[in-house]
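J.: The structure's right below; bear with me while I get my questions together.
The values are calculated or read from the model by the stated rules, or taken from the named source; none is laboratory data. Small disclaimer: the values here were computed from a predicted structure and weren't measured. Neighbour counts are summed over all protein chains in view; Cβ atoms, including those assigned to glycine, are modelled from backbone coordinates with ideal geometry.
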Amino acid sequence: MRLDGYSTRSFSRGHGLWVEALWLLGQALLLASWVPGSWQRRLILRAFGARIGRGVVIKPGVRVKFPWRLRIGDHSWIGERVWIDNLATVEIGSNCVISQNAYLCTGSHDWSVDSFDLVVKPIRIEDEVWVAARACVGPGVTIGRGVVLALGAVATRDLAPGWVYRGNPAVPLKPREARAASDARLGEVGEGREKHSR
């Protein structure tokens, strides 16, 4: 590689440097701070152009590269120390959980050319997805509805809806069989009765 030939001239950051500087300050004071509560995090993200749905929970320590390239649907949760490295757009659907220390990465480099050119591709996470703690999602990946990306897994290509994935690179483990909360509680009560009747 010849990194002296590297350039980002063709990459648009979406705003001027002064807006980005203001964002870095706002992120440090409100988004990434350890102050509890989500309202101030939603407020600062929206102020810088993010589209944040109703009932979104954003935990302390979250980092977002460019809020103007972030979309989050209703009732989704963003866990502690999540890093949304969104040089390109990141869309997170409704009722999603992005757990602690997850990394959503939209940027990479073309290692086949000596100038190591920047390559950016968007990430799309459909509704009802769980990206578990320390999982990574790579550039250009779409995660289908209802997917579970397990602890520490790495998604480098699109994930088909309704499956549990694990590993690096992530591979399908089994279909996700979701049941209503009321059914789950009934099952626990039934199991408890069985144990007591033995």
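J.: What's the number of the condition S108 fails, among (1) of a type in the set (S, T, Y); (2) within 12 Å of the chain's Cα centre (by Cα); (3) surrounded by fewer than 19 Cβ atoms within 10 Å (Cβ to Cβ)?
T.: If we test S108 against (1) of a type in the set (S, T, Y); (2) within 12 Å of the chain's Cα centre (by Cα); (3) surrounded by fewer than 19 Cβ atoms within 10 Å (Cβ to Cβ), just (2) comes out false.
J.: Of all residues being out of contact with any helix residue (DSSP H, G or I) (no Cβ under 8 Å at 6 or more places or on another chain) and aliphatic (A, V, I, L, M) in the stretch 61-100, which is farthest from L17 (Cα to Cα)? Just the residue, please.
T.: V97
J.: Continuing with this model, one more query. Can you run down the residue pairs with Cβ atoms below 7 Å, 6 or more apart or on separate chains, where the first is in the stretch 99-117 and without any contact (Cβ under 8 Å) to a residue 12 or more places away in the chain and closer than 23 Å to A153 by Cα and the partner is of a type in the set (G, A, S) and surrounded by fewer than 16 Cβ atoms within 10 Å (Cβ to Cβ)?
T.: That search, which allows pairs on different chains as well, returns nothing.
J.: If you scan the stretch 1-29, which residues turn out to be free of Cβ contacts under 8 Å to residues at least 40 places away in the same chain, closer than 23 Å to P60 by Cα and of a type in the set (A, V, I, L, M, F, W, C)?
T.: If the condition is that a residue be free of Cβ contacts under 8 Å to residues at least 40 places away in the same chain, closer than 23 Å to P60 by Cα and of a type in the set (A, V, I, L, M, F, W, C), then V19, A21, L22, L24, L25, A28, L29 are the ones that fit.
J.: Across the stretch 95-111, which residue is modelled with the lowest pLDDT among those that are assigned to a loop (DSSP other than H, G, I, E, B) and over 29 Å from D74 (Cα atoms)?
T.: Restricting to residues being assigned to a loop (DSSP other than H, G, I, E, B) and over 29 Å from D74 (Cα atoms), the top hit is D110.
J.: Please verify whether the stretch 122-132 includes one or more residues that are over 25 Å from R13 (Cβ atoms) and among the small types (G, A, S).
T.: Yes.
J.: Out of the residues in the stretch 14-73 that are within 16 Å of the chain's Cα centre (by Cα) and of a type in the set (K, R), state the one that is surrounded by the most Cβ atoms within 10 Å (Cβ to Cβ).
T.: R41
J.: Now, a different point. Confirm whether V119 is out of contact with any Leu (no Cβ under 7 Å at 6 or more places or on another chain) and of a type in the set (V, I, T).
T.: Yes, satisfied.
J.: Of the numbered conditions (1) over 21 Å from V137 (Cα atoms); (2) touching a Leu at 6+ places or on another chain (Cβ under 9 Å); (3) free of Cβ contacts under 8 Å to residues at least 40 places away in the same chain, P36 satisfies every one except a single condition; which is it?
T.: (2)
J.: Kindly evaluate R124 against the criterion of being among the basic types (K, R) and free of Cβ contacts under 8 Å to residues at least 24 places away in the same chain.
T.: In short, no.
J.: Continuing with this model, one more query. Of all residues being under 11 Å from the mean Cα position of the chain (by Cα) and not polar (S, T, N, Q) in the stretch 82-92, which is farthest from V56 (Cα to Cα)? Just the residue, please.
T.: Result: D85.
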